[in-house]
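The values are calculated or read from the model by the stated rules, or taken from the named source; none is laboratory data. This structure is a prediction, so every number in the text was calculated from the model and none was measured. Every residue, glycine among them, receives a Cβ derived from its backbone with ideal geometry; neighbour counts consider all protein chains shown.
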Amino acid sequence: MSVVAAPRLKLTEIFRSLQGEADTVGIPTVFVRLTGCPLRCGYCDTAYAFHGGEWWSIERIIDRVRELEVTHVCVTGGEPLAQPSVHALLAALCDAGYRVSLETSGAMSLAAVDPRVVKVVDVKTPGSGEVERNLYAELDALNATDQIKFVITSRADYEWSRSQLRERALSKRCSVLFSPSHAQLPARDLADWILEDRLPVRLQIQLHKYLWGDVPGR
């Protein structure tokens, strides 16, 4: 009889920090950063997770998360859905009683994601260089507890994102986050545009970058 190997994932890092984004901003969170990503967004700030990493079992990941003593866990990347075993990890974290969120691009199928997981979907803007990778039909799978994020690099990106918001009625589906690309667009400019157009979105700045800068693992 053949023995089925336990699922493992290639992991870049696990660390405890404050959540810098989404609806739990400011809450102590453990980040499980998986290795690898099929996209190459121009504003990516985690390119160090594209390669390398170490293979971890799900049991070892859960043990490490438990040692860090939090209630919130964010599985991120890279692109976590590029590793099929991530679904077993997400389910295991939920079973262990954690509030689990998944940070993913708008370019991957969400069909197998555990329904208990909060999905934060980064719809790629033209400024990312990966707008053609968006799978817009996947947004139909989101519910009121999920979130859609647009990382905005310019006025043109803002206008494109505004059109997507309105034409797809995204704010009626779930929370929508407009986030300025940290190095490319002043947050104040984006705030002014949102207010001027009376958009039903949340301005999101990356809290961790204001606290610690571009330091990996923070």
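Of all residues in segment 175-197, which are outside any helix (DSSP H, G or I) and over 16 Å from Ile152 (Cα atoms)?
Once the filter is applied, which keeps residues that are outside any helix (DSSP H, G or I) and over 16 Å from Ile152 (Cα atoms), segment 175-197 yields only Ser175.
Among (1) of a type in the set (D, E, K, R); (2) in contact (Cβ under 8 Å) with a residue 24 or more places away in the chain; (3) on the phi > 0 side of the Ramachandran plot, there is one condition Arg202 misses while meeting the rest; what is its number?
Only one criterion in (1) of a type in the set (D, E, K, R); (2) in contact (Cβ under 8 Å) with a residue 24 or more places away in the chain; (3) on the phi > 0 side of the Ramachandran plot is unmet by Arg202, namely (3).
What is the one condition in (1) at pLDDT below 95; (2) in contact with a strand residue (DSSP E or B) (Cβ under 6 Å, 6 or more places away or on another chain); (3) not hydrophobic (A, V, I, L, M, F, W, C) that Ser175 does not satisfy?
Going through the list (1) at pLDDT below 95; (2) in contact with a strand residue (DSSP E or B) (Cβ under 6 Å, 6 or more places away or on another chain); (3) not hydrophobic (A, V, I, L, M, F, W, C), Ser175 breaks only (1).
Of all residues in segment 41-53, which are surrounded by 12 or more Cβ atoms within 10 Å (Cβ to Cβ), out of contact with any Cys (no Cβ under 9 Å at 6 or more places or on another chain) and not hydrophobic (A, V, I, L, M, F, W, C)?
Matches in segment 41-53: Gly42, Tyr43, Asp45, Tyr48, His51, Gly53.
Please go through segment 24-37 and give me each residue that is touching a Lys or Arg at 6+ places or on another chain (Cβ under 8 Å) and at pLDDT below 95, ordered by number.
Thr24, the sole residue that qualifies.
Does Ala111 satisfy being out of contact with any His (no Cβ under 9 Å at 6 or more places or on another chain), surrounded by fewer than 16 Cβ atoms within 10 Å (Cβ to Cβ), within 27 Å of Arg198 (Cα to Cα) and among the hydrophobic types (A, V, I, L, M, F, W, C)?
So Ala111 does not fit the description; no.
Among the residues that make up segment 119-127, is at least one of them more than 30 Å from Glu159 (Cβ to Cβ) and under 13 Å from the mean Cα position of the chain (by Cα)?
No: segment 119-127 contains no residue that is more than 30 Å from Glu159 (Cβ to Cβ) and under 13 Å from the mean Cα position of the chain (by Cα).
Given (1) more than 17 Å from the chain's Cα centre (by Cα); (2) within 20 Å of Glu132 (Cβ to Cβ), identify the lone condition not met by Asp192.
(2)
Mind checking which residues of segment 126-139 are without any contact (Cβ under 8 Å) to a residue 24 or more places away in the chain and either of a type in the set (Gly, Ala, Ser) or within 11 Å of Leu110 (Cβ to Cβ) (or both)?
Ala137
Quick one: what pairs do we get from segment 1-15, first residue within 20 Å of Pro80 (Cα to Cα), second modelled with pLDDT under 85 and outside any strand (DSSP E or B), C-beta under 6 Å, 6+ apart or different chains?
So the pair list comes out as Glu13/Gly217; Phe15/Gly217.
Could you list all residues from segment 138-174 that are polar (S, T, N, Q), exposed (fewer than 15 other Cβ atoms within 10 Å of the Cβ) and assigned to a helix (DSSP H, G or I)?
Ser163
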